[in-house]
1. Ordered by packing density, taken as the mean number of other Cβ atoms within 10 Å over each peptide's residues, highest first, how do 90-102, 51-63, 31-43 rank?
2. What's the extension gain from residue 5 to residue 112 if we count 0.36 nm per residue and subtract their Cα-Cα distance?
3. Using R₀ = 35 Å, calculate the FRET efficiency as 1/(1 + (r/R₀)^6) where r is the Cβ-Cβ separation of residue 170 and residue 90; round to 0.05.
4. What length, rounded to one decimal in nm, is gained on full extension from residue 65 through to residue 184, with 0.36 nm per residue of separation minus their alpha-carbon distance?
5. By how many nm would the segment from residue 97 to residue 55 grow when fully extended, if each residue of separation counts as 0.36 nm and the alpha-carbon distance is taken off?
6. For an R0 of 30 angstrom, estimate the FRET efficiency from the Cβ-Cβ distance between residue 127 and residue 12 and round to the nearest 0.05.
7. Using alpha-carbon pairs under 8 Å, 6+ residues apart, how would you state the relative contact order of the chain in percent?
8. If N is the number of residues in the range 17-165, what value comes out of its Cα radius of gyration divided by 2.2 N^0.38 Å?
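Read-outs: derived from the displayed coordinates by stated rules, not from any lab. Quantities reported herein were computed from a predicted structural model and do not represent experimental measurements. No Cβ is skipped: glycine too gets one built from the backbone with ideal geometry, and neighbour counts run over all protein chains shown.
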């Protein structure tokens, strides 16, 4: 059942209407970089990132669901990607400190209970010039059931957590997409 859910997550992420190629381009990843995909789900972006950062880079697939991580592992092996590191989160997030060029969170923030504290905690994992990318659903006039956080709310919370807005992208039809850097 979880495998089916992971496949559905990947189909949605890969759907051209969700503009995955534009998202990847906007992130401007380079070979050798280190990325955390928090809430990796089925791993669509994890695997795309792993291809871009190459053998000299690393991508940490972070999720609370061991079955999703197993699905990612199997797909990484099929693609011969040896730079994907699986991280199962049970309580506190445990990643190498000061290591990440990018922390990527897509459709995750609506699941977080105390976002400001969570965002503050992420600072320890970033390199000094590292960034956080957040993609989250906009409120739908038809169906939302709490699976969204307004862009303005995310921007305020990131500011309170000690980040500066880096870039704001407006090409996603149902989501907002912003990147942040650390305050100096």
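1. 31-43, 51-63, 90-102
2. 36.5 nm
3. Details: r = 36 Å, r/R0 = 1.04.
Once rounded, the FRET efficiency stands at 0.45.
4. 39.4 nm
5. 13.1 nm
6. The calculated FRET efficiency here is 0.50.
7. On the way: 340 pairs, mean separation 32.5, N = 184.
Once normalised by length, the contact order is 18 percent.
8. Compared with the compact-globule rule of thumb, the range 17-165 sits at 1.02.
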